[in-house]
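Student: What follows is a single structure, and I will ask about it in a moment.
Values in this text are rule-based calculations from the coordinates and carry no lab data. Nothing here was measured: the structure is a model prediction, and the numbers come from that model.
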Amino acid sequence: VPDVNVACDRFESLGVEFVKRPNDGSMKGIAFVKDPDDYWVEIFAPVDLKNVILEHT
């Protein structure tokens with residue numbers, strides 16, 4: 001998604017269940033939500049993901 005925080009705000013307003021919010025844990029900028037079948041869906045911005053990977057290698 002272009003902006004993880006904007007996407008998560010929308011998911012929040014729709015009542016989507018979060019497994020991990022963007023600022024939780026050590027990997028910032030990545031979120032996980034549950035779909036209706038209880039599968040985890042990862043939410044991230046490709047540019048931000050590159051920065052997260054570089055910070056943890």
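Student: Read phi for every residue in region 22-31 and hand back ³J(HN,Hα) as whole Hz from Karplus 6.51 cos²θ - 1.76 cosθ + 1.60, θ = phi - 60°, with x for Gly and Pro.
Tutor: x, 9, 7, x, 8, 9, 6, x, 10, 10
Student: Residue by residue through region 33-40, what is 3J(HN,Hα) from phi via Karplus (6.51 cos²θ - 1.76 cosθ + 1.60, θ = phi - 60°)? Round to whole Hz and write x for glycine and proline.
Tutor: With the stated coefficients, region 33-40 comes to 10, 9, 7, x, 9, 6, 7, 7 Hz.
Student: Note the angle between two axes, namely the Cα long axis of helix 4-13 and the longest principal axis of the Cα atoms of the chain, as a number of degrees from 0 to 90, rounded to the nearest 10.
Tutor: It works out to around 20 degrees.
Student: Tilt of helix 46-55 relative to the longest C-alpha principal axis of the chain, in degrees (0 to 90, nearest 10)?
Tutor: 50
Student: On average, how much area does the Cα convex hull of the chain cover when viewed from any direction, in nm²?
Tutor: For the chain, the mean projected area of the Cα convex hull comes to 3.9 nm².
Student: Take every Cα pair under 8 Å in region 4-55 that's 6+ residues apart, average their separations, divide by the length, and report that relative contact order as a whole percent.
Tutor: Relative contact order comes out at 29 percent.
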